[in-house]
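Colleague: Please find one structure pasted underneath; my questions will follow.
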Amino acid sequence: MKKIFLVALALFSIAVLVFGAGDSERKAIARILYGKIRIVSVGEDFSVRKVDLGEDLRVRVVELGADRPGRWRFVDVGEDYKVRFVDLGEDIRVRFVDLGEGPR
């Protein structure tokens, strides 16, 4: 019985690492992720996967007014958050849009 529990716990831990954040955590990230965003390859605050369907956050890239969820202004310095785009193991899924930005 103890071995079964340990195997199940190990499989669950691997699934969390492979598939990323849980639903409630992604919703929380979607509410705070806005402002000046810097794209990095290491040292990220959040791992982000770009999708066409099933997004947690719709993102609109702006030059001014990145003051609410879903509005991102890309910068090289002075960022609010650092993100790394990934194909697997994301913290949040985003879809880039022209209108209708915000959490889903």
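The values are calculated or read from the model by the stated rules, or taken from the named source; none is laboratory data. Note that the coordinates shown come from a computational prediction; the quantities given were computed from them, not determined experimentally. Every residue, glycine as well, gets a Cβ built from its backbone with ideal geometry; the counts of neighbours run over all protein chains shown. Only protein heavy atoms, including side chains, enter the accessible area calculation; ligands, DNA and RNA are left aside. Shrake-Rupley method; radii C 1.70, N 1.55, O 1.52, S 1.80 Å.
Colleague: Run the simple label-point estimate for residue 67 and residue 53 please: 7 Å along Cα→C-beta, distance reported in nm.
Modeller: Inter-label distance under the simple model: 3.7 nm.
Colleague: Let me ask another. How far apart, in nm, are two points set 7 Å out from the Cα along the Cα-to-Cβ line at residue 27 and at residue 87?
Modeller: 3.1
Colleague: Carbon and sulfur together cover what percent of the accessible area of the range 25-104 at a 1.4 Å probe radius?
Modeller: Details: 2120 of 4680 Å².
For the range 25-104, the apolar C and S fraction of the accessible surface comes to 45 percent.
Colleague: What is the packing order of peptides 62-68, 86-92, 31-37, 50-56, taking the mean over residues of other C-beta atoms within 10 Å and listing the highest first?
Modeller: Per-residue mean Cβ counts within 10 Å order the peptides as 31-37, 86-92, 50-56, 62-68.
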